[in-house]
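Quick notes on the structure that follows.
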Amino acid sequence: GDASAPLDASSYTRERDASFGADAPLEALLAASAKLTGAPAVRPASLQTLVLRGQRLRALPPCVGACGALRVLDASENLLSDLPEALCRLRRLQELLLACNELRSLPAWVGALPQLHVLNLQHNRLRRLPAAVLRIKGLHYLRWGAQKPSGDAPEEEV
């Protein structure tokens, strides 16, 4: 196949494919609704697109922060309630897709991502537009509306 084509991990299981991605650097890993049983053995330095949509993740894997070339991170349709600070190292990140999670706030460092152009925060538990979003200088596209009810827990602004 084409070496630059995205790798679809929708049928990946760690037990069956232990060396998945070990032979060549990946530029894209698509695992949307794939129900992965373990993390693929990828070289984070070359990864440019990471789609973890629909994995029922409560937290992003710590190794995501080591993906220095990452331009697109799609963690939509999970159970994320916060974002790890390690993501602040993703200086090349252009698209951050976090729709349909459980986010109640965004960390301040989101506003300092220098190349972020697209941010999707729809269907979370944000009661107001976080101040961090207003600090994103190059933001061209923001999906904000249609938030879930926030419940009784107070919103924290970091």
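The values are calculated or read from the model by the stated rules, or taken from the named source; none is laboratory data. Keep in mind the model is a prediction, meaning the values are calculated, not measured. Every residue, glycine as well, gets a Cβ built from its backbone with ideal geometry; the counts of neighbours run over all protein chains shown. Side chains included, ligands, DNA and RNA excluded: accessible areas come from the protein's heavy atoms. Shrake-Rupley method; radii C 1.70, N 1.55, O 1.52, S 1.80 Å.
At a glance:
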{"item": "Per-residue SASA entry for Arg135, accessible area with 1.4 Å probe, Å² rounded to 10", "result": "120"}
{"item": "For the range 52-158, the Rg and Dmax computed from alpha carbons only, in angstrom", "result": "12.7, 39"}
{"item": "P(r) weight above 14 Å for the range 68-130, C-alpha pairs, percent", "result": "53"}
{"item": "Label point distance in nm, Cys88-Ala59, each placed 7 Å from Cα along Cα→Cβ", "result": "1.8"}
